[in-house]
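Colleague: Provided herewith is a single structure, encoded as structure tokens, for subsequent inquiry.
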Amino acid sequence: MAIDRVQSILSSIHLKIQSLLKPERFYVFTINATRGELSFTWVWEKDGFTPAIQKPWAPRAIAEGALPDHIIFQRRSLSYELNFADQIHQDGLTYWPDGSEPVSWLGVPLLAGEQVVLGALVVEHFTKPQAFGENGQRFLEAVAQQTALALQNATLYSGLERKVDVLRVLNQIGQKITSNVGRSEREILGEIYQQARNLPLDMATMYIALYDADQDVISYPFICLNGEQTDASKLDAWQGRKGLRGRTGWIIRSQQPRLVSTIEEAAAWYDEMGVEGSHRRDFASWLGAPMVYGDQALGVIAAFHLTDEHKYSEDDLEVIQILASQAAVALQNLRFYQAWMQELDKVNADYRLAVMSDVGSEFAHRMNNLAGTIPVWVNMARALLDRDNPRDVQVLEYLDKVDKDVKNLIQAAQVIKKTTEKRPPETIKVNELVEIAIGRAVETLPAIEKRITIKKHLASDLPDLELEREKLLDTLTSIIKNGLEAMPKEGILTVSTRRSGGVKAPIEIQVTDTGIGIPPSDLTKIFDLFFTTKGKQGLGYGLWRDKTFIKELGGDIDVDSQVSEGTTITIKIPSTTVKS
């Protein structure tokens, strides 16, 4: 839980206790059940506050026969206000801390329900017997009840804040590592690590392992030790090996994540795997998850600490599972892309476009699967927040941003999916559809009306067409919008329709802007899936979708552009679509 929030809670209760009970020592301890430790979060003695970083107030293991630890096991208030030493001796207890013993001692558990003990409040007096009495105990119990509730809320709030931050970062990671499928494997793995560093998860020592199922070989293309990226080829312990042995092999074989919190658990895991001798490497904490696509484990992402136990939690395990799933999608995207590109180099352009359509459909399916659960988590988180609380309002703003990004991602997937779906053809009038497309594009960019002139040259003798209306409308809107966006300051957009030639000549729709133009190096790639010049704002499916549709009609899209002068895109719709 956030330290400042806890300190604020304890500061408030300290004033109440000091004014009514007037103890000579007051301290609060909380329990780390995972580590089996007591942490002294608030220590006040008559000379003032004591930093809880040195003995006897530093965190320590819970001792069953010690006082105040006995409160944890009894789950009830304990009071020793007469003959303190004799009473605790009769109960088989030893006083802690070492040093002067109090005359009056009262401890009350911080209970979350009847079973869970969060810690305790303790007051002591060194000169006055029966300093607190029954009334004091009832008062301290009432304060403890309020404190336990406040601490529990603080823990839940901090946990929620962490989950919101994690969701936001994971959403950004998903966009980053899947945004450009054309990158190399090395670039993708480096991007995964760079983005993972933004997570509230210690990844200073981590690795990414890949598994070649055909060769039955595990390799370690990415290793980071104490924050420094390391070349695996120079480390004997990280050489690629055949067979699914050791921790990484166990994760790949089982396709299950694993959390190891202590040296003892690590030893038990090695025993479970049957690993002996020099193959057993010491570590105190380990966290790993498989990168699974379909029913195939592509590899493992893992982080570990050699000496620190309890370094990771179940929440961390959930985070690394999501990260591994995203990495699997990115790596499989790359493998699909590389395989398709090898095949497409052997075939003609028309078949290449058809194959890319299949890739787009698969990509849309996987993107939907990846992003579809995040809005559910966001809505669950919203339900726990109070809009009247300023801190909650800030968290809600973060949730809104996460929700918006995910919706954009899902919308992109739906657009790609829509491209591959077939709908019944309709009778359309080309000029009417052009007018609607211009209106739609202008609505998305309302500011352009003041700085851009739109000119229309629409032929009056065009025949009606028989094709999928919405797809042609989406195509025209997309291209017109691109033209408007290419003129950030001012310019002229010209939209023309014509049919040059006889009845077998294609219908032409031309969109010309006086904008920034397209560099020659990009002209050959602008219709490729995933290629974009819009940075973070683009996903690279717009022009690919448009050309896919026109090609399916038997037509074509041509582009002519000069940097700083403008761009002309010409759509040619074949005469076979003319309504008979």
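The values are calculated or read from the model by the stated rules, or taken from the named source; none is laboratory data. On a predicted model such as this, the values are computed, not experimentally measured, just so you know. Note that we place each Cβ from the backbone using ideal geometry, even for glycine, and neighbour counts take in every protein chain shown.
Colleague: Across segment 238-258, which residue is modelled with the lowest pLDDT among those that are assigned to a loop (DSSP other than H, G, I, E, B) and among the small types (G, A, S)?
Modeller: By that ranking, first place goes to G240.
Colleague: Still on this structure, please answer the following. For segment 259-315, enumerate the residues that are free of Cβ contacts under 8 Å to residues at least 40 places away in the same chain, of a type in the set (V, I, T) and within 24 Å of I188 (Cβ to Cβ).
Modeller: Of everything in segment 259-315, just one residue is free of Cβ contacts under 8 Å to residues at least 40 places away in the same chain, of a type in the set (V, I, T) and within 24 Å of I188 (Cβ to Cβ), namely V292.
Colleague: Let me ask another. Of I516, I526, which residue is touching a residue at least 40 places away in the same chain (Cβ under 8 Å), assigned to a loop (DSSP other than H, G, I, E, B) and either assigned by TED's automatic domain parsing to the domain that holds I573 or out of contact with any Pro (no Cβ under 9 Å at 6 or more places or on another chain) (or both)? Talk me through it step by step, then tell me what you get.
Modeller: Values: I526 fails: touching a residue at least 40 places away in the same chain (Cβ under 8 Å).
Residue meeting the stated conditions: I516.
Colleague: Would it be correct to say that E64 is modelled with pLDDT under 90, more than 25 Å from L10 (Cβ to Cβ) and either in contact with an Asp or Glu (Cβ under 7 Å, 6 or more places away or on another chain) or part of a loop (DSSP other than H, G, I, E, B) (or both)?
Modeller: So E64 fits the description; yes.
Colleague: Kindly indicate whether any position in segment 220-231 is at pLDDT below 80 and in a helix (DSSP H, G or I).
Modeller: No, because not a single residue in segment 220-231 is at pLDDT below 80 and in a helix (DSSP H, G or I).
Colleague: So is I480 surrounded by 12 or more Cβ atoms within 10 Å (Cβ to Cβ), over 20 Å from K547 (Cβ atoms) and of a type in the set (A, V, I, L, M, F, W, C) or not?
Modeller: no
Colleague: Given the conditions (1) over 30 Å from E309 (Cα atoms); (2) within 41 Å of the chain's Cα centre (by Cα); (3) not hydrophobic (A, V, I, L, M, F, W, C), which single one is not true for P129?
Modeller: Condition not satisfied by P129: (2).
Colleague: Find the residue count for segment 463-479, including only residues that are more than 12 Å from I573 (Cα to Cα) and touching a strand residue (DSSP E or B) at 6+ places or on another chain (Cβ under 6 Å).
Modeller: 2
Colleague: Which one is farthest from K481 (Cα to Cα), of the residues in segment 554-574 that are among the hydrophobic types (A, V, I, L, M, F, W, C) and over 40 Å from the mean Cα position of the chain (by Cα)?
Modeller: My answer is I573.
Colleague: Criterion first (assigned to a helix (DSSP H, G or I), modelled with pLDDT of 85 or more, exposed (fewer than 14 other Cβ atoms within 10 Å of the Cβ) and not charged (D, E, K, R)) does A268 satisfy it?
Modeller: Yes; evaluated as a whole, the condition is true for this residue.
Colleague: Please specify each residue of segment 187-223 satisfying the condition of being closer than 19 Å to A297 by Cα and among the basic types (K, R).
Modeller: Result: no residue meets the conditions.
Colleague: Please find, among E45, E24, the residue that is touching a strand residue (DSSP E or B) at 6+ places or on another chain (Cβ under 7 Å), touching a residue at least 12 places away in the same chain (Cβ under 8 Å) and farther than 18 Å from V108 by Cβ.
Modeller: On the way: E24 fails: farther than 18 Å from V108 by Cβ.
Going through E45, E24 in turn, the sole match is E45.
Colleague: Right, here's the next one. Hey, among the residues in segment 305-320 that are surrounded by fewer than 19 Cβ atoms within 10 Å (Cβ to Cβ) and under 16 Å from A196 (Cα atoms), which one's nearest to the chain's Cα centre (by Cα)?
Modeller: It comes out as E318.
Colleague: Here's a follow-up. Looking only at residues that are surrounded by fewer than 12 Cβ atoms within 10 Å (Cβ to Cβ) and farther than 22 Å from K471 by Cβ in segment 405-449, which one is modelled with the highest pLDDT?
Modeller: P446
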